[in-house]
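Notes to accompany the following structure.
The values are calculated or read from the model by the stated rules, or taken from the named source; none is laboratory data. Keep in mind that what you see is a predicted model, and the values were worked out from it rather than measured. Here the Cβ positions follow ideal geometry from the backbone for every residue, glycine too, while neighbour counts run over all protein chains shown. Remember, those area values only see protein heavy atoms, side chains included, never the ligands or the DNA or RNA. Shrake-Rupley method; radii C 1.70, N 1.55, O 1.52, S 1.80 Å.
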Amino acid sequence: MPSQFSTLTLSCIGAGRLGKTLCHLFSKHLQIGQIINRNQVSAQLAVDFIGSGQAYTGYSDLKPADLWLIATPDNSIQQTSKALKNSGVLRNGDIVFHCSGSLGADSLALDNCPTASVHPIHSFANPQNSLTHFAGTACGIEGQPEAVEVLKPLFANIGAAPFAIASEHKSLYHAATVMTCNYLVSLMALGEQMLAASGVDSAVGNHSPLEPLIRQTLDNYLSTDAVSALTGPIARGDSATIEAHLQALQGQPELWQKVYCALGNATIELSAQQGQASADSLASISTLLNLDNR
Ligand SMILES: NC(=O)c1ccc[n+]([C@@H]2O[C@H](COP(=O)([O-])OP(=O)(O)OC[C@H]3O[C@@H](n4cnc5c(N)ncnc54)[C@H](OP(=O)(O)O)[C@@H]3O)[C@@H](O)[C@H]2O)c1
């Protein structure tokens, strides 16, 4: 274990999708101590995945560790930190951190231990895949300097790209990641539903007919920028097509129309920056997309 952290031990409370993935990656650089879940079977499965550590439940007879990762769901992080504190295992200077995107380090509420939050902008939906795809993940980090100065290089050692986030901006920062990741999935699912309502089979040969379009759009966006990647009727100032879409959406689920209009308004702003459509045509489209006018 040729690492500056090799003498340190990390224990994890809540080894689910994120916890077990990070512990597996950390295990190449430091010692993994106890893996504590509420359920012994899930704790043992996490240990098997990590390849080291001791499965445990409860807070009696915990063993000391230099680093504590609390990776329970967000709504139990505070209560978990309190239980860890009350267990009496924490020594002055042990580092305690969580990985929530929306909570700050102060939610851990520990007086004698430096605390931090490190939020990987990564979806751990499939832990096995995450092991190979984690490298390059940006991680928003904030907290007490004594914790940040250890966690920043530790995360860098597993391939992350840590960056500082101000604790007072964490909720807005997290809303941005949720909109980009989770809502993108919802948007694509709505697109599939609209396609199905138009009579198109949504799985031609096991692939959605939207798949090449989704991939091209993401490639264009990621290799250029929003203004360069934008195409379509709003970018062209084609109000007649937008009007036809809105007529077609009448009688369909109200949510489809609301999402279409809200994102259409965001698209008008990008189109104005792009400059292909005239200001008049964008103003007409804006009137069409205003649900109060309908
Ligand atoms: N998943 C992601 O993509 C992702 C991305 C970035 C950040 N995060 C953050 O990572 C943290 C964990 O999320 P996750 O998706 O990994 O959650 P998860 O898959 O639901 O795992 C949570 C784990 O915590 C255990 N647990 C729940 N309550 C507990 C308690 N009171 N005491 C001890 N163990 C408990 C559960 O096992 P038992 O039921 O056996 O107790 C489970 O193994 C959250 O703060 C989340 O915001 C997640």
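Taking the chain as a Gaussian network of alpha-carbon nodes connected by springs under 10 Å, the highest mean-square fluctuation of the residues Leu222, Leu195, Leu45 belongs to Leu222.
Here the Karplus curve 6.51 cos²θ - 1.76 cosθ + 1.60, taken at θ = phi - 60°, turns the phi angles of the stretch 91-97 into couplings of 9, 3, x, 4, 9, 10, 9 Hz, with x standing for Gly and Pro. Using 0.36 nm per residue and subtracting the Cα-Cα separation, the extra length available between Asp292 and Asn126 on full extension is 55.5 nm. Could you tally the net charge around Cys99, taking each other residue with its Cβ under 13 Å from the Cβ of Cys99, Lys/Arg +1 and Asp/Glu -1? Result for the neighbourhood of Cys99: +1. Coupling constants for the stretch 60-77 follow from the phi torsions by the Karplus curve (6.51 cos²θ - 1.76 cosθ + 1.60, θ = phi - 60°), and in residue order they are 8, 6, 5, 9, x, 8, 6, 10, 10, 9, 9, 10, 6, x, 3, 6, 10, 5 Hz; glycine and proline get x. Computed from Cα positions, the angle between helix 254-274 and the longest principal axis of the chain comes to roughly 80 degrees.
Measuring nothing but alpha carbons in the stretch 82-236 and taking Rh as the Kirkwood radius, the Rg to Rh ratio lands at 1.10. Lysine pair count for the chain (Cα-Cα distance under 30 Å; residues 8 or more apart in sequence or on different chains): 20. Remark: the stretch 35-164 is approximated by an ellipsoid whose semi-axes, taken from the C-alpha gyration tensor as √(5λ), come to 22, 20, 13 Å, largest first.
Every Cα-Cα pair of the chain was included, and the share exceeding 25 Å stands at 58 percent.
Rolling a 1.4 Å probe over the protein heavy atoms gives the chain an accessible area of 53 Å² per residue. Near Pro114, once Lys and Arg are set to +1 and Asp and Glu to -1 for all other residues with Cβ below 15 Å from its Cβ, the sum equals -4. Note on the stretch 189-244 and the stretch 1-68: Cα centroid distance 43 Å, given to the nearest whole angstrom. How much length is gained on full extension from Ala176 to Glu269, taking 0.36 nm per residue of separation minus their Cα-Cα distance? Answer, rounded to one decimal: 31.7 nm.
Take every DSSP beta bridge whose two residues both sit in the stretch 95-159; close to 60 percent of them are antiparallel.
Roll a 1.4 angstrom probe over the protein heavy atoms and tell me the percent of accessible area of the chain that is carbon or sulfur. Please report the intermediate quantities before stating the final value.
Details: 8410 of 15640 Å².
Carbon plus sulfur share of accessible area: 54 percent.
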